[in-house]
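Read the structure below first, then the notes.
All of the numbers you see were taken from the coordinates with simple rules; none came from a lab. If you're wondering where the values come from, they're calculated on a predicted model, not measured in any experiment. Cβ sites come from the backbone with ideal geometry, for glycine too, and all protein chains shown count toward neighbours.
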Amino acid sequence: MNISDFDYSLPDELIARQPLDQRDGARLLVLKEDTLMDRRVIDLVRLVQPGDVWVLNDTRVIPARLLGCKASGGKVELLLLEPMGDSNEREDIWLAWGKANKPLRSGEVISIAEGFEAEILSRHGKQVQVHLRAENVMHAIEQHGHMPLPPYIDRPDTEADRDRYQTVFANQPGAVAAPTAGLHLTEELMHQMTEAGATFVHVTLHVGPGTFQPVQVENVHEHVMHEEAYHISEKTAECINQARREGRRVVAVGTTSLRTLEAAAIKEDGGMGEIVQAGSGRTDIFIYPGYQFKVVDALLTNFHLPKSTLLMLVSALAEPGRMMDAYEYAKKLGYRFYSYGDAMFVCNMNGKSDVKKAS
């Protein structure tokens, strides 16, 4: 399986660089069994099956992009990745990506704002370890940091992005990229879906910048995934496992929720299948066509970059040719792509026949 199998061209005008006025105003392409259907996100209520468990990633994006300068005046950009060690221990030592005209050196101090600076402790390639110094580090990050919009949005972040590049259920700070499928959901829409028979539960996976990194190898099997931290509560695990025992659907809202569930799946003692194990961990799970899903029956997702691991993941649900046909169909109809773009609802349909178009 080659990376070229997951390539496609995209007109620049189809890249969504601004969010819509209404979160649930986006279009929705439904890929179910052998059919493509054009819908709207507000139509998700019609796709709910009574007893469904819809799994949300409640990670919260931090304004992780810090802009500063050296004592010499040279500009520096730091993208915070994660605090070192247990986040309950200290919040001032971070791993980050560093960008400057000249390589950053240990001992250099970067001025970010009055009373807020970063000392470079070590560097390995573009990754640096930094000591953030402020009276209250997390408050300083929130006050002076910029939202880490994906590079393809290609514009400065605005105050509006602090709201719109964040899900309405975001609760656990730590992500440097949004779980973008969840950006479409509103409290009202989720209430309507609950009335239709859906149950919403939360997992946490702190999305890292590796989600935007291109695959550098031609042979897909040689790619090494980035690692991300996740947590699943006992309550969430039990709700999902009970649904699976009763034959009810588990729907992942976003690829991050899906990766969390599949990473936490273990063989049930004395049972015939897998259960989701509660707890915290780190995962570098890489899902591509041929993968046998253990937990997830359907996925709400956005449209993904060509040659990306996320496109491979959604293709594992629908088979690559089928998914690439769906992407070409979306392009022809002018769907908006990527983080602020439109959405897809994909059912696990491995082994199904060719895709047809429906009204």
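Numbers at a glance
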read-out	value
For the chain: relative contact order, % (alpha-carbon pairs under 8 angstrom, 6 or more apart)	25 percent
Rough spin-label spacing in nm, given labels placed 7 Å along Cα→Cβ, for GLN172 and TYR329	3.5 nm
At most 16 other Cβ within 10 Å, DSSP loop - GluC sites (Glu not before Pro), the range 5-94	GLU33, GLU89, GLU91
Sparsely packed GluC sites (Glu not before Pro) within the range 172-252, loop by DSSP, other Cβ within 10 Å at most 15	GLU218, GLU227, GLU246
Rounded if a/c under 1.5, otherwise prolate or oblate - the range 78-137, Cα gyration tensor axes	oblate
Formal net charge of residues neighbouring ALA316 (Cβ-Cβ distance under 13 Å; K, R +1; D, E -1)	0
Label of the coordinate-derived value, semi-axes √(5λ) of the Cα gyration tensor in Å, listed as [x] 32, 29, 18; [y] 35, 23, 20; [z] 28, 24, 21	[y]
For the range 322-339, Karplus couplings with θ = phi - 60° (6.51, -1.76, 1.60), whole Hz, Gly/Pro x	5, 5, 5, 4, 5, 5, 5, 4, 5, 4, 4, 8, x, 4, 8, 9, 6, 4
Per DSSP, loop trypsin sites (Lys or Arg not before Pro) in the range 72-176 with at most 14 further Cβ within 10 Å	ARG90, ARG105, LYS126
Mean Cα-pair separation over length for the range 65-146, i.e. relative contact order, pairs under 8 Å, 6 or more apart, %	28 percent
Set of the range 1-26 residues, backbone N closer than 17 Å to the point 7 Å along the Cα-Cβ line of ASP154	8-19
Three-way shape label, the range 160-319, alpha-carbon gyration tensor, a/c 1.5	oblate
Sequence-separation-based contact order of the range 1-104, relative, with Cα cut under 8 Å and 6+ spacing, percent	13 percent
At R0 = 41 Å, FRET efficiency that the Cβ-Cβ distance of THR194 and HIS124 yields, to 0.05	0.30
About the Cα centre, charge dipole magnitude for the range 65-146 (Lys/Arg +1, Asp/Glu -1 at Cβ), debye	620 debye
Residue among ASN219, ILE42, VAL61 farthest towards the positive dipole end of the chain, charges placed on Cβ	ASN219
Among the listed pairs LYS235/LYS267; LYS70/LYS102; LYS102/LYS307; LYS102/LYS126; LYS32/LYS267; LYS307/LYS331, those beyond 22 Å (Cα-Cα)	LYS102/LYS307; LYS32/LYS267
